[in-house]
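Working notes, beginning with the structure itself.
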Amino acid sequence: MFLLGRHSSPWMILRERIMTCIQALSEAAFGEVDEFARVQGWQVRKRLWGRTYRDPRFDSLMACAACSGTGGECRNCGGSGRIGLLKDRARGCDGTSEGDGSS
């Protein structure tokens, strides 16, 4: 809700009412999707006419050093050209699980 001063013009009052209506419509339209995104742990960026949803797990991706991000037949990244830092920490540098006896 917007606070209006004593000396607000009729146009400012109209503008504020329109903005309040747009915000209410936006919340009604995106409320369920916003809640789903929050449950998933995503970041929600609200804008006047829409939303941007982002999964912060994308921050854990980087280009595969073995194939320089090209993918293809790379054994290290499985051909995707990227590695996930969170799940790849459990693997050794050679792509095998640590402590599985296959060095």
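In terms of overall dimensions, the stretch 10-54 has a Cα radius of gyration and Dmax of 13.0, 43 angstrom. Shown is the FRET efficiency for Arg15 and Thr52, computed with R0 = 35 Å from the Cβ-Cβ distance and rounded to the nearest 0.05: 0.90. Put in line by how crowded their Cβ is, counting other Cβ atoms within 10 Å and starting with the fewest, Phe58, Phe30 read Phe58, Phe30.
Taking the average, over residues, of other Cβ atoms within 10 Å as the packing measure, peptides 43-49, 16-22, 79-85 rank 79-85, 16-22, 43-49 from highest down.
Here, each number is a calculation from the coordinates, and none is a lab measurement. Quick caveat, the model's predicted, so the values are computed rather than measured. Virtual Cβ from ideal backbone geometry, glycine too; neighbours counted across all protein chains shown.
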